[in-house]
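Trainee: I have a structure I would like to understand better, so I am pasting it below and will then ask my questions one at a time.
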Amino acid sequence: MIDVVLDTNVLVAALFKPGAPNRLALRTVLANQHSFRICYSSQIMAEYEDVLSRPAVTARGLHEEAEALLGLIRQVGSEVVPKQVPAVVYPDADDRPFLEAAVYVGGMLLTNNLADFPFAGVAILAPEEFLAWWEARNT
């Protein structure tokens, strides 16, 4: 089983663009729970809750869908308590919990901001890359 950490921008993009790679990657992870486990920390969940309740989401009429997505992640995912990853310089300090969780579980991180994660210790993939990897693995 592969542990997957989802950057918040993947969730937001999945809500905004139903047929786009972010939604397809999220659906792939959720539909293949025998292959993937979503992992999150309390800090990650707090960011999910904050960002998915902002006007950018609610003004589009996506509040209920965002709440359902959060509930699903809580239901099928696993909360982890990662350790700090020392000596890593983050372009955006808010990204630290996502990388720490991915390192802790030895899994992969799905993000639209690859440049924000200058670290080679775990697989860091854009949704498009993840989908191509999954397709190649299953053909």
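Trainee: If Pro82 satisfies all but one of (1) outside any helix (DSSP H, G or I); (2) crowded, with 20+ Cβ neighbours inside 10 Å; (3) under 13 Å from the mean Cα position of the chain (by Cα), what's the number of the condition it fails?
Mentor: (3)
Trainee: Go through the stretch 54-78 residue by residue and tally those that are closer than 25 Å to Arg37 by Cβ and surrounded by 13 or more Cβ atoms within 10 Å (Cβ to Cβ).
Mentor: Going through the stretch 54-78 one residue at a time, the tally reaches 10.
Trainee: Starting from residues that are touching an Asp or Glu at 6+ places or on another chain (Cβ under 8 Å) and more than 26 Å from Gly61 (Cα to Cα), keep the ones in the stretch 1-41 and report whichever is surrounded by the most Cβ atoms within 10 Å (Cβ to Cβ).
Mentor: Cys39
Trainee: Consider only pairs whose beta carbons are under 7 Å apart and that are at least six residues apart or on different chains; among these, list those whose first residue lies in the stretch 7-34 and is of a type in the set (Gly, Ala, Ser) and whose second residue is part of a helix (DSSP H, G or I) and buried (at least 19 other Cβ atoms within 10 Å of the Cβ).
Mentor: Ala13/Asn22; Ala14/Asn22; Ala14/Leu26; Ala25/Val10; Ala25/Pro127; Ala25/Phe130
Trainee: Among the listed residues Asp7, Asp50, Asp92, which satisfies the condition of being over 22 Å from Asn138 (Cβ atoms), modelled with pLDDT of 95 or more and over 13 Å from the mean Cα position of the chain (by Cα)?
Mentor: Exactly one residue qualifies, and that residue is Asp50.
Trainee: Something else now. If Leu70 meets every condition in (1) within 16 Å of Asp3 (Cα to Cα); (2) in a helix (DSSP H, G or I) apart from one, which number is that one?
Mentor: Leu70 satisfies every listed condition except (1).
Trainee: Filter the stretch 85-97 for residues that are of a type in the set (Asp, Glu) and either assigned to a helix (DSSP H, G or I) or surrounded by 15 or more Cβ atoms within 10 Å (Cβ to Cβ) (or both) and give the result.
Mentor: Asp94, Asp95
Trainee: Right, next: Could you please find all residues in the stretch 7-21 being under 17 Å from Tyr40 (Cβ atoms) and among the charged types (D, E, K, R)?
Mentor: Residue satisfying the conditions is Asp7 alone.
Trainee: Among the residues of the stretch 98-123, write down those that are surrounded by fewer than 21 Cβ atoms within 10 Å (Cβ to Cβ), in a helix (DSSP H, G or I) and of a type in the set (Gly, Ala, Ser).
Mentor: Ala115 - this is the single residue of the stretch 98-123 that is surrounded by fewer than 21 Cβ atoms within 10 Å (Cβ to Cβ), in a helix (DSSP H, G or I) and of a type in the set (Gly, Ala, Ser).
The values are calculated or read from the model by the stated rules, or taken from the named source; none is laboratory data. Note that this is a predicted model, so its numbers are computed, not measured. Cβ: placed from backbone, ideal geometry, glycine included. Neighbour counts: every protein chain shown.
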